[in-house]
Amino acid sequence: MRICCASSVALAKNDLRQPALPFFAEYRYTMTHLPGRWILTLGGNDLPEKSLIGGKAWSIARMRALGLPVPPAFVITTRACASWLQTGEMPEGLFDELRAGMQWLQEASHRQFGGELKPLLVSVRSGAMISMPGMMDTVLNLGMNARTAAALADETADEAFALDTHKRFLDLYARIVLRATLPDLEPTADIAAWQRAILEATGQAVPESPEEQLRGAVTAVFESWNSRRARRYREHHGIAHDLGTAVTVQAMVFGNLDARSGTGVLFSRNPLVGDPTPYGEYLARAQGEDVVSGRHTPQPLSVLADAMPEVHTALLAAAEVLERENGDVQDIEFTVQQGELFLLQSRAAKRAPAAAVRFAVDMVREGRIDESTALSRVTAEQVRVLLSPRLADNATHGAELLAKGEAACQGVGVGTVVTQTDEAEQRAQAGEAIVLARDTTSPDDVHGMIVAKAVVTEQGGATSHAAVVSRALGVPCVVGCGAGTLEKLKGRTVTVDGAQGRIYAGALPVLAPLEVDEPLLRELIAWAEPRAAIEVCAEDAATAAEALDLDKLKGGEDPLQLATLAAGAETLRGAVLNSDEGVRAALAAGIRRIHVRQRLPALLAALGALT
């Protein structure tokens, strides 16, 4: 097993059998950036701001600087996207710089883009400054055409691998760049049949020219910044629309090559419940899209440990390095090619509410972060979700179990099952409690996930799109419930237990937990109290009688009217104060003390208002 880069010696065509696909050997990235305005290479010698190169490219440069095994890459900066957003056209000189970037990547990989010997394929991936998992577009295996497919088959002595890689490229390019609405293309069909299906669906052919493919993919990534799903995600999370995305172009490594190849996702700690044990999934003979799409259910990381223990050990060692260096729990995408480990990306992990609280407290106790940093990593909304109703004791006794799958985000959601995303949004906006059930979710389902009480999928694992986005939203989620689940659940009122991965018939009894009963929450309260600019008291405190009750005043539910209604008051109570907007309005009005049902969400909202 090799965890460093392989030999860089250029091999003659007849020497390309053992080992196949020698990659990125001990090449030293001597050029930190290309001369020009729009593109930077990611050699690790310097570390540009995330606002310029995006989180994905920043993580690649950081991992390179740490000496971790990363395929070479360059980035089209957010500056180029900002220009495109303003004018609707690609910036002048960008495509010239793109050609220079590909020349650098060929030198770094010792492979040839569009070549008939040792062809270079690349991934083209979005990457904003703030992580938006699954919201924008990615094209893998770019550079594939009839000529490079033949060269790849000859190099690896594996025509089936080259055919699989070619089909993967055609499928992604057609869906992402040509905007094709395609049925699942028949995997046994030949390339010509796939190309005919794409031409019939779009009126366009996938370009044979790798350069034309690259230009199309870059344009598609920029366009995905303003897609409906991306805009809705940004609006939900308060992310500015004018930040723009970078585009990372990286040499491909192939998890679909052979039995000692695969792909997976590793979290340095468990993102569901917060346990300090590394957690992840692995899919042999696959590429990353297979895992995140949810179309395939991966296996536990222990499968990798059994098959290739040295790779597993190296992966855990890299995770420890990255968590320590970044001071936060990491979500790491990796590929194994013929027993060699490559890291593709590392970012702060999206986490379920319970995990967010435990990570924050544990990392303070371990001396990795201070209390203020810990408080900044737990949101008021996450605590509200954590304190939302959960199943009462013995609630499931005698209850009908309709389906079960893998727990992907904790919490309990009760509602009517809807299987169409637009319908779910419409019914939720009309005031109905909805559970969204899909075979698997994609970025086009985000608007329905935002309004759902819970999300259920037939396919996918705990690192699929449904799982990752649900954790980011704090929505209870159960994935991988199996074929036929949608038909079984559609139209029924159900209770989804995201912690146990179970769906029950009917609305089961729930109870609301108290923050005073949760030791970790009490610890966060103790850290937050002296830092907040307002005193936050429990609603049942003896002094509550002294508070002005906004619930008894007309308009008292409206944060915008709070300053007028509370003029002259020092202490307030009322339902509006259980929201971030209400707490901010009280602070702006100079209120000294508020009384609320749960103290920690209000304290965190007050701290958030100061940043």
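Coordinate-derived values only; no laboratory data. As the structure is a computational prediction, the values presented were derived from the model and not from experiment. Methodologically, a virtual Cβ is constructed for each residue, glycine included, from the backbone with ideal geometry; neighbour enumeration extends over all protein chains shown.
Once amide H atoms are placed 1.01 Å from N in the peptide plane, what residues at a sequence separation of 5 or more from Gln112, or on another chain, have their amide H within under 5 Å of its amide H?
Here Leu120 satisfy the definition.
Given DSSP loops and a limit of at most 12 other Cβ atoms within 10 Å, what is the longest stretch of the chain that contains no such GluC sites (Glu not before Pro)?
Within the chain, the longest run free of exposed GluC sites (Glu not before Pro) spans 117-365.
Would you calculate the separation in nanometres between label points at His236 and Ala146, each defined as 7 Å from the Cα along the Cα-to-beta-carbon direction?
4.5
Each label point is 7 Å from the Cα along the Cα-to-Cβ direction; what then is the distance between the points at Ala189 and Asp517, in nm?
5.6
For the pair Val273 and Arg368, what calculated FRET efficiency results from E = 1/(1 + (r/R0)^6), where r is the Cβ-Cβ distance and R0 = 25 Å, to the nearest 0.05?
Step by step, r from the Cβ atoms, then E = 0.85.
Would you kindly calculate the mean projected area, averaged across all directions, of the convex hull enclosing the Cα atoms of the stretch 195-261, in square nanometres?
Quarter of the Cα hull surface area: 7.6 nm².
Under a point-charge model restricted to the Cβ atoms of Lys and Arg (+1) and Asp and Glu (-1), what is the dipole moment magnitude of the chain relative to its Cα centre, in debye to the nearest 20?
Value, rounded to 20: 380 debye.
For Ser83, what charge total do you get from the other residues with a beta carbon under 15 Å from its beta carbon, if Lys and Arg give +1 and Asp and Glu give -1?
Taking every Cβ under 15 Å from that of Ser83, the sum is -4.
Pulled fully out, how much extra length does the chain show between Ala317 and His397, if you take 0.36 nm times their separation in residues and subtract their Cα-Cα distance?
24.4 nm
In deg cm²/dmol and to the nearest 500, what is the mean residue ellipticity at 222 nm of the chain if only DSSP H runs of at least 4 residues count, each as -39500 (n - 2.57), divided by the residue total?
Mean residue ellipticity, 222 nm, calculated: -11000 deg cm²/dmol.
I'd like to know which of Gly582, Ala467, Ile450 lies farthest towards the positive end of the charge dipole of the chain, counting +1 on Cβ of Lys and Arg and -1 on Cβ of Asp and Glu.
Gly582
Let me know the shape class of the stretch 26-252, please: from the alpha-carbon gyration tensor, a ≥ b ≥ c as square roots of the eigenvalues, rounded when a/c is under 1.5, otherwise prolate if a/b is greater than b/c, or oblate.
In terms of gyration-tensor shape, oblate.
Can you tell me which lysines have their Cα less than 21 Å from the Cα of Lys453? Leave out same-chain residues fewer than eight positions away.
Lys350, Lys404, Lys488, Lys490
Tell me the label-point distance for the pair Lys552, Gln86, using the 7 Å Cα-to-Cβ offset, in nm and rounded to one decimal.
In this crude spin-label approximation the distance works out to 5.6 nm.
Residues in the stretch 309-345, backbone N under 13 Å from the label point at Asp158 (7 Å along the Cα-to-beta-carbon vector): list them, ranges by number please.
Answer for the stretch 309-345: 336-340.
So which trypsin sites (Lys or Arg not before Pro) in the stretch 123-229 pass both tests, a DSSP loop state and at most 13 other Cβ atoms within 10 Å of the Cβ?
Those satisfying the criteria are Arg179.
Could you pull out the trypsin sites (Lys or Arg not before Pro) across the stretch 402-511 that fall in loop regions by DSSP (anything but H, G, I, E, B) with no more than 13 other Cβ atoms inside 10 Å?
Sites meeting the loop and neighbour criteria: Lys490.
Select from Ala307, Phe359, Leu343 the residue farthest towards the positive end of the dipole of the stretch 307-360; place +1 on Cβ of Lys and Arg, -1 on Cβ of Asp and Glu, and compute about the Cα centre.
Phe359
Quick check on the stretch 390-511: take the gyration tensor over C-alpha atoms, sort the square-rooted eigenvalues as a ≥ b ≥ c, and tell me if it's rounded (a/c under 1.5), prolate or oblate.
Rounded shape, in that the Cα axes give a/c under 1.5.
May I ask which residue of Pro559, Ala538, Ala605 lies farthest towards the positive end of the charge dipole of the stretch 524-609, with charges of +1 (Lys, Arg) and -1 (Asp, Glu) on Cβ and the Cα centre as origin?
With unit charges placed on the Cβ atoms, the residue in question is Ala605.
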